[in-house]
Structures are given as C-alpha cells and as structure tokens.
Amino acid sequence: MEKLGIIDIGSNSVRLVLAQINESGSFHIIDEIKETIRLGEDIEINQVLSEDKIIKTIKTLDTFKAICKSLNTSDIIVIATEAVRQSKNGDYFINKVKKDINLDIRVLTGIEEANYDCMAIINSMDTDNSLMIDIGGSSTEIAWIKEGHLKESISLPFGTVNLTKRFNLEDIVRSEDDQAFKGFVIEELNKIPWIFNTKFDNIIGIGGAIRNMGKIDRAIKKYPLDIAHNYKMDSKDINYIYNLVKSKNLKQRLKINGLSADRADIFVAAVSSLNVIINLLHIDEVIVSGKGLREGVLDEYIEVKDRKSTRLNSSHKTHL
C-alpha cells in the first residue's frame, strides 16, 4: 500500500487530498484539507496574481508538503486550474513555487479538467445520459456522459468568484444585477450547440458549491445521513435554494443552515448558474457527486501505475 498527496490550486481555494492506494488498485481518501485564498479575484480585476496571494499560496503549499512528508507519501501531485491558467504572471508563480519549496505544478487545460471530472464520475456512478457540471471559482466545466463514456466537453472561463465580482452578487442582490447575470449565462450556454442535441436524464454536479447545495437541502429536509455522493435533488429543490439565498444579504446568508461561511459571498452565483441551466434545458433531477477532479487525477495515477506494472511483468516473463 502507498500514500499519495494531491494538491489542487483552484480559483477559490487550495486543497490537499491524502489518499491511500491499496494493492487491489482501489483507493480511499484519508483526509482532505482546504485553505480559502481566492486567487480568482485577482484574475477578474487585472489578470495578474497578486504578490500577497502568491505568498499566502506558497505558505499553504509548504504546509501541505510538510503534512505529506510526515505521513510518508510516496509522491505529491500538484495541479492548478483556471486562475493560474488565465494569469499573465502564471509562469512567475510556478517558477517561484519551484524555487522556494521545490514543488512542480502542472497547469491543466480546461478540457483536461473536464475529462478528469468525467473519469471520476464514470468510475464511481452509473450514468446513462447525463450532463456533468463542475462550477468552480473561475471556470465551469460541462460535459456530456452517455452510457459511461465521455461524448462532449467544454470549459467556460467563468465561475463563482469572477461572476460574483462582475455582477455584484456578493451581498445584496439587486434585480437588475440578477437579470444581467442570468442573461449572460444563457448567452454563453447558447454558444454550445451539443447541449441542445439530447434530453439529458439528469445533471451530475461536481465541486464544493454543488456539494453545499446538497448540504443545505439535507438540512431543510432533515435528511438523516450527511452523505454527499449520489445525493439527489429535483429542480424545485434547486429553485427553492436559489430564491432562499437571493433574497438575503450576506449577513443573513451566513445563518443558512448548511451553507459554508467561506462560500456565502459567492454562493448566489453558483446556485443561480445551476438554476439557469436546469430551466434552459428542462432537466428535473440533480445528482451530487462527492468525487471530481482530484479523484480523476487519482484514477489516472493508478491506471498509469497498473500499465507500467503490467509491462514490467510481461517483459520479465518474456526474458525468462
């Protein structure tokens, strides 16, 4: 058995996932740690990662690295998404991380991000004809999964952090801002022809924002189990949560049972986006996935390791 650390530098937060890989090729998550940094706010303002957030991110990465070493992980994989992808000084940030704490960062493309999301879903859920949505801090990944296979995917360069700034959704939500936001999302979705080519059975939602919607719904319904993965809601549930958060200012939102305090300011953008998609495509069921990008990276790591092991065994038998 071996332990692996995966660090995900996102637009909203930096996360460490610690996983144990079993001899059978399966894995289980030992622990998950998050630090909210909001790199995506810098990108929305001037497309440059600010020095203070770079320093904070490096300190967080150094702490995560120390945790990995203390647990004797065999490897640490560091990935970055839209905030670093879009930033004008992304190379500076990557080189500084390498120089200061000797960690290599792999910046994923939007399509790679969507593909890893889908890999995690395909390996952990039964799907027939589903629309996958991952609403991140600065990007939104959308994919069509049909009969366990990825059919289409796209990454849109906006998410909860940059849309909240752009449409003033952080505190009191004015009607004109809400309407402008919805109009923007509809306009962008209309540029994706394949999402209108089928009637999706459901939406499979990935990411912290959608997991948080599930948590709020469970609190409203007094659901007895606090389990995110495979939790199901319908369109009325999402619309109720949308109206609930839209009608409150930030201080009032912080009192909503189930809503994470570090997500309250950007949550309207997330639930409004999902509500727009549901209404536009007439999808009634939303299934929450507790697995996503990081689990997809884990799945790939195990697959590559298994292929290498198979080749070595085959070569050894041939030699004999």
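The values are calculated or read from the model by the stated rules, or taken from the named source; none is laboratory data. Please read these numbers as outputs of a predicted model, since none were measured by experiment. Methodologically, a virtual Cβ is constructed for each residue, glycine included, from the backbone with ideal geometry; neighbour enumeration extends over all protein chains shown. For accessibility, only protein heavy atoms count, side chains too; no ligands or nucleic acids. Shrake-Rupley method; radii C 1.70, N 1.55, O 1.52, S 1.80 Å.
A few comments on the model shown:
- Once backbone amide H atoms are built at 1.01 Å from N, S13 has I37, R38 as its partners under 5 Å, excluding neighbours fewer than 5 places away on the same chain.
- Stokes-Einstein D for the stretch 202-274, Kirkwood Rh over Cα pairs, 4 °C, 1.567 mPa s (µm²/s): 105 µm²/s
- Amide H contacts under 5 Å for V78, placed H, 5+ residues apart: I7, R106
- Per residue, the stretch 25-88 exposes 48 Å² of solvent-accessible protein surface, assessed with a 1.4 angstrom probe and all protein chains in place.
- In order along the stretch 147-159, the Karplus-derived 3J(HN,Hα) couplings, from 6.51 cos²θ - 1.76 cosθ + 1.60 at θ = phi - 60°, round to 6, x, 10, 6, 9, 8, 7, 8, 10, 9, x, 8, x Hz, and Gly and Pro are given as x.
- Normalised contact order of the chain, rounded percent, pairs of Cα under 8 Å and 6 or more residues apart: 17 percent
- The stretch 198-212 and the stretch 24-69 have Cα centres lying 24 Å from one another.
- Computed 3J(HN,Hα) for the stretch 38-50, one whole-Hz value per residue from the Karplus formula 6.51 cos²θ - 1.76 cosθ + 1.60 where θ = phi - 60°, is 6, 4, x, 5, 5, 5, 5, 7, 8, 6, 10, 6, 6, glycine and proline marked x.
- Excluding same-chain neighbours fewer than eight residues apart, the aspartates and glutamates reachable from K98 by a Cα-Cα span under 14 Å are D62.
- Sparsely packed trypsin sites (Lys or Arg not before Pro) within the stretch 72-157, loop by DSSP, other Cβ within 10 Å at most 11: K88
- Under 5 Å, built H, 5+ apart or other chain: amide partners of E2: I21
- The alpha carbon radius of gyration of the stretch 138-296, expressed as a multiple of 2.2 N^0.38 Å, is 1.00.
- Each residue of the stretch 106-115 is assigned a 3J(HN,Hα), and the resulting list reads 9, 8, 7, 6, x, 5, 4, 4, 4, 5 Hz, derived from the Karplus form 6.51 cos²θ - 1.76 cosθ + 1.60 (θ = phi - 60°), x at Gly and Pro.
- Carbon + sulfur, % of accessible area of the chain - ligands and nucleic acids excluded, 1.4 Å: 49 percent
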